[in-house]
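S.K.: One structure follows; several queries about it will come next.
The values are calculated or read from the model by the stated rules, or taken from the named source; none is laboratory data. On a predicted model such as this, the values are computed, not experimentally measured, just so you know. We place every Cβ from the backbone using ideal geometry, glycine too, and count neighbours over all the protein chains shown. Calculation scope for accessible area: heavy atoms of the full protein, side chains included, ligands and nucleic acids excluded. Shrake-Rupley method; radii C 1.70, N 1.55, O 1.52, S 1.80 Å.
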Amino acid sequence: MSRKDMSENNLHSVEKMVLAIAMHSPNALPDIMTGLVADDFLDSTHKIIFQGIIELHSQSKEVTISSVANQIEKKGNLESIGGIQRLQDIALDFFSDEGIENFIEDIFYASSSRKFDAALRRVQNLRREEQMDIESSINEIQKELLKIDLNAQKNDVQSIHASTESLIKKIQELEKRSETLTGIPTDLFELDEITSGLQEGDLIILAARPSMGKTAFALNLAYNAARHKNGVAVFSLEMPAEQLTQRIMTMVSKIDSKKLRTGKNISKAEWSNLLASKEIVSQLPIYIDDTPGITVQQIQSKLYKLKRDHDVKFCVVDYLQLISSTNGSTDRQNEISNISRQLKRVARELRIPIVCLSQLSRSVEKREDKRPIMSDLRDSGAIEQDADIIMFLYRDDYYKHKDGNEEENKIVDQVSATDLILSKHRNGATGTINILFDKSHGKFMDKG
């Protein structure tokens, strides 16, 4: 619902009314406390008064005219707001607490409007004073606008009655479906059995050491999702779109990846197969963005647009540690935590699963047992907390031949036994799934 900005006089009256209700109605106080913060008030005196009310409420003390006056006096601010007489004048505006929800919303939206205007002015000043280019300006304004959350004051609490009604309706709908999967299919039988498909709103972390096959695995997920007519977005920060397309073509055509990479020794039959595969791949609803150093704000903006224009239902980000930060912080772990938190928020808002690839720290190489665990996640921070699923890829032959000579590396089997380790699954079982990795064609398959 669109809203028009209130005049300052009207807003001033609404702010006074909310403060009066806060000092007279214990019944309305919880709604006011959860809906507003002191900075939401335009009048500086109102900010001080409301901050005093917040402090009393946090100490479980009764909120009255005299208790608020005492709390403000403790901070030495009572005289600056006009003394207790000002509080009494405000309190006289109280008649009832009816309509408090609308008053709270009015103040909150007016505050959000001011923040929006301030963000625009800040970026305009940066463009003028620092001669910031248009791309940097767009990144900056996106970062600023993400701080303005219009859902912040909405009450997300619901009764279990409403939740049970929604659950029963969902189960009834699932019962009518012939398909047992409720999410995006991976076409790996055991993984689909455990997850029922990759679920909307989930952030899935896929981690492995370099060259273990995580990009190939992610592309398998993307291809299989698209094959089932789901729109797929791929953000590739490491590899250009052409290389990703080549990998998918290798997977579909089953022509050795080296032949496609070099363009040599391709037989007529393989050329025929390649052109047929090109027709299949070109029809897939896969959308690739290979912008290097993209920010999480840019990913969010582009993903919203892809959702709107192409109804994407699945997203791959390759990979987490290459996503750029716009806040200039030197604490990379904190930056990665903020990025993972934002990706989780986007997944929930767009109701799509996001698979984000991640590096592992070198500590795994120092252990005798090199199977990865969650503490091996590089710059982990809040990754473990934000992710709904954390998966690791592990191959014995990766280490068996890693330190061998060139001749030993040549005889490595092209189809490799691989462990897909589910270390975290917020809504289901964990464990290890045994799959196969066809290295020549970049394809993961069920074992047996």
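S.K.: Net charge near Asn27: determine it from the other residues with C-beta under 12 Å of the C-beta of Asn27, scoring Lys and Arg +1 and Asp and Glu -1. Working shown, then result.
M.R.: Numbers: positive: none; negative: Asp31, Asp97, Glu98.
Result for the local shell: -3.
S.K.: Report the Stokes-Einstein translational diffusion coefficient (µm² s⁻¹, integer) for the stretch 189-233, Rh taken as the Kirkwood radius over Cα pairs, at 37 °C with viscosity 0.692 mPa s.
M.R.: It comes out at roughly 277 µm²/s.
S.K.: Give me the dipole magnitude in Debye, nearest 20, for the chain about the Cα centre, with unit charges on the beta carbon: positive for Lys and Arg, negative for Asp and Glu.
M.R.: Result for the chain is approximately 1440 debye, rounded to the nearest 20.
S.K.: Return the Cα extents of the stretch 162-306 along principal axes one, two and three, sorted largest first, each rounded to a whole Å.
M.R.: 63, 37, 31 Å, listed from the longest principal axis down.
S.K.: Go through Gly201, Phe103, Gly293 and say which Cα lies farthest out towards the positive end of the charge dipole of the chain; charges sit on Cβ, +1 for Lys and Arg, -1 for Asp and Glu.
M.R.: Value: Gly293.
S.K.: Can you give the local net charge around Gly231? Use residues other than it whose beta-carbon is closer than 14 angstrom to its beta-carbon, Lys and Arg +1, Asp and Glu -1. Walk me through the numbers on the way to the answer.
M.R.: Details: positive: Arg227, Lys229, Lys302, Lys305, Lys307, Arg308, Lys313, Arg351; negative: Glu200, Asp289, Asp309, Asp311.
Taking every other residue near Gly231 into account, the sum is +4.
S.K.: Quick check for me: using +1 on Lys/Arg Cβ and -1 on Asp/Glu Cβ, what's the dipole size of the stretch 24-74 about its Cα centre, in debye to the nearest 20? If you can, show how the numbers build up before the last one.
M.R.: On the way: 3 positive and 7 negative charges, 28 e Å.
It comes to approximately 140 debye.
S.K.: Which pairs, out of Lys16/Lys115; Lys258/Lys307; Lys259/Lys439; Lys75/Lys115, put more than 23 Å between their alpha-carbon atoms?
M.R.: On the way: Lys16/Lys115 21 Å; Lys258/Lys307 35 Å; Lys259/Lys439 13 Å; Lys75/Lys115 27 Å.
Correct reply: Lys258/Lys307; Lys75/Lys115.
S.K.: Which entries in the list Lys254/Lys370; Lys229/Lys302; Lys278/Lys443 go over 24 Å, if you measure between the two C-alpha atoms of each? Walk me through the numbers before you get to the answer.
M.R.: Working: Lys254/Lys370 31 Å; Lys229/Lys302 20 Å; Lys278/Lys443 17 Å.
Where the Cα-Cα span goes over 24 Å, the pairs concerned are Lys254/Lys370.
S.K.: Keeping all protein chains in place, calculate the accessible area per residue for the chain (probe 1.4 angstrom), answer in Å².
M.R.: On the way: 24280 Å² over 448 residues.
I get 54 Å² per residue for this part.
S.K.: Now, a different point. Tell me, what ³J(HN,Hα) does each residue in the stretch 247-257 have, in order and in whole Hz, if you take phi through Karplus 6.51 cos²θ - 1.76 cosθ + 1.60 with θ = phi - 60° and put x for Gly and Pro?
M.R.: Once rounded to whole Hz, the list reads 5, 5, 4, 4, 4, 6, 7, 6, 9, 3, 4.
S.K.: May I ask you to give the average projected area over all directions of the convex hull of the Cα atoms of the stretch 330-374, in nm² rounded to one decimal?
M.R.: On the way: hull surface 17.0 nm².
That works out to 4.3 nm².
S.K.: What is the P(r) of the stretch 230-376, as percent of Cα-Cα pairs per 10 Å bin from 0?
M.R.: Over the stretch 230-376, the share of Cα pairs per 10 Å bin runs 10, 31, 29, 22, 8, 0 percent.
S.K.: Over the chain, what is the relative contact order in percent, taking alpha-carbon pairs closer than 8 angstrom and at least six residues apart? Provide the component values of the computation, followed by the final result.
M.R.: On the way: 651 pairs, mean separation 67.4, N = 448.
Relative contact order of the chain: 15 percent.
S.K.: Percentage of Cα-Cα pair distances in the stretch 8-97 greater than 15 Å, rounded to whole percent?
M.R.: Values: 2121 of 4005 pairs.
That tail contains 53 percent of the Cα-Cα pairs.
S.K.: Right, another one. Can you tally the net charge around Ile433? Count Lys and Arg as +1, Asp and Glu as -1, for every other residue whose Cβ sits under 11 Å from the Cβ of Ile433.
M.R.: Net of charged neighbours comes to -4.
S.K.: Now for a different question. Just the number: Rg to Rh for the chain, Cα atoms, Kirkwood Rh, two decimals.
M.R.: Numbers: Rg = 28.1 Å, Rh = 25.9 Å.
In the chain, Rg relative to Rh is 1.08.
S.K.: Let me ask something else about it. Give me the log10 of I(q) over I(0) for the stretch 280-360 at q = 0.15, 0.17 Å⁻¹, as the Debye formula computes it from C-alpha points; what are the numbers?
M.R.: Taking Cα atoms of the stretch 280-360 as identical point scatterers yields -0.55, -0.69.
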